[in-house]
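So the structure is just underneath, and the comments pick up after that.
The values are calculated or read from the model by the stated rules, or taken from the named source; none is laboratory data. All values reported here derive from a predicted model rather than from experimental measurement. Note that we place each Cβ from the backbone using ideal geometry, even for glycine, and neighbour counts take in every protein chain shown.
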Ligand SMILES: NC(=O)c1ccc[n+]([C@@H]2O[C@H](COP(=O)([O-])OP(=O)(O)OC[C@H]3O[C@@H](n4cnc5c(N)ncnc54)[C@H](OP(=O)(O)O)[C@@H]3O)[C@@H](O)[C@H]2O)c1
């Protein structure tokens, strides 16, 4: 079986279960893979929070989703403000979410910076590390009480889904997360520094 082959065909249109009464939070979701994910989940009845940083892009995406078919009887898509460049925003977004909802069935880590220039951001940490790793960690830890509470309910099936990449297989060396120097590694001498940083 080839590297990119999948073990089994999965058609979200027919293979996803009914998600009515489920509450799902996805980071990003206004574009790319996240957008398609939101569409399928909402079409199966879920209430999906699109945790995105830009209000107009989020609202445009929700309008587009409605145009593509999220009519009455389908789920709902709600924007939740979240810019993952600062982990404080992740904590705040989790708190906002927990004021609004009494359950969280699925948390999806989807948002990511991909092939970007090296940049040091909040608290002296490389932006890609903050967005892709640290703020997602803070978001998850902040939502954990609600995830635990939902998991304790009868017939619940709580999941945390991390959308990741096989890209790390194409770069040499082990990723390290020991200290600030590891977080801020620039990989200047790599064949493709930006690919290596995101992998
Ligand atoms: N595309 C691929 O070939 C591929 C392959 C393997 C894995 N993946 C994984 O799939 C996931 C989605 O990738 P994609 O290809 O769909 O990427 P994409 O089209 O570039 O979408 C990235 C999403 O992340 C959001 N985002 C970026 N920075 C953010 C921030 N600071 N705060 C909040 N949201 C932020 C973007 O929002 P804005 O619109 O505001 O920028 C957008 O919604 C990623 O985790 C990626 O690692 C992708």
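So, in segment 158-199, exactly how many residues are surrounded by fewer than 11 Cβ atoms within 10 Å (Cβ to Cβ), over 17 Å from the mean Cα position of the chain (by Cα) and over 24 Å from residue 124 (Cβ atoms)?
Total meeting the criteria: 3.
Applying the selection to segment 163-195, what residues are assigned to a helix (DSSP H, G or I) and touching a residue at least 60 places away in the same chain (Cβ under 8 Å)?
Correct list: 193, 194, 195.
Inside segment 46-60, can you point out the residues that are away from the ligand (no atom under 12 Å from the Cβ) and assigned to a loop (DSSP other than H, G, I, E, B)?
Hit for segment 46-60 is 46, nothing else.
Can you find a residue that is modelled with pLDDT of 95 or more, over 20 Å from the mean Cα position of the chain (by Cα) and part of a helix (DSSP H, G or I) anywhere in segment 124-139?
Within segment 124-139, one or more residues are modelled with pLDDT of 95 or more, over 20 Å from the mean Cα position of the chain (by Cα) and part of a helix (DSSP H, G or I).
Which residue, of 85, 91, 22, is touching a residue at least 40 places away in the same chain (Cβ under 8 Å), buried (at least 22 other Cβ atoms within 10 Å of the Cβ) and touching a helix residue (DSSP H, G or I) at 6+ places or on another chain (Cβ under 9 Å)?
Checking each option against the conditions leaves just 22.
Among (1) away from the ligand (no atom under 14 Å from the Cβ); (2) modelled with pLDDT of 95 or more; (3) in contact with a helix residue (DSSP H, G or I) (Cβ under 7 Å, 6 or more places away or on another chain), there is one condition residue 176 misses while meeting the rest; what is its number?
With (1) away from the ligand (no atom under 14 Å from the Cβ); (2) modelled with pLDDT of 95 or more; (3) in contact with a helix residue (DSSP H, G or I) (Cβ under 7 Å, 6 or more places away or on another chain) applied to residue 176, the lone miss is (2).
Restricting to segment 61-77, give me the number of residues that are closer than 22 Å to residue 104 by Cα and either in a loop (DSSP other than H, G, I, E, B) or away from the ligand (no atom under 15 Å from the Cβ) (or both).
The total comes to 5.
Kindly indicate which of 111, 119 is more than 30 Å from residue 41 (Cβ to Cβ), touching a strand residue (DSSP E or B) at 6+ places or on another chain (Cβ under 8 Å) and within 13 Å of the ligand (Cβ to nearest atom).
Step by step, each of 111, 119 is checked, and only 119 is more than 30 Å from residue 41 (Cβ to Cβ), touching a strand residue (DSSP E or B) at 6+ places or on another chain (Cβ under 8 Å) and within 13 Å of the ligand (Cβ to nearest atom).
Quick check on segment 140-162: of everything there that is without any contact (Cβ under 8 Å) to a residue 40 or more places away in the chain and at negative phi, which residue is farthest from the ligand (Cβ to nearest atom)?
So the residue we want is 154.
Considering only residues that are surrounded by fewer than 22 Cβ atoms within 10 Å (Cβ to Cβ) and near the ligand (Cβ under 6 Å from one of its atoms), which ones fall in segment 25-44?
31, 32, 33
Kindly evaluate residue 136 against the criterion of being touching a strand residue (DSSP E or B) at 6+ places or on another chain (Cβ under 7 Å), in contact (Cβ under 8 Å) with a residue 12 or more places away in the chain and either within 13 Å of the ligand (Cβ to nearest atom) or farther than 20 Å from residue 91 by Cβ (or both).
yes
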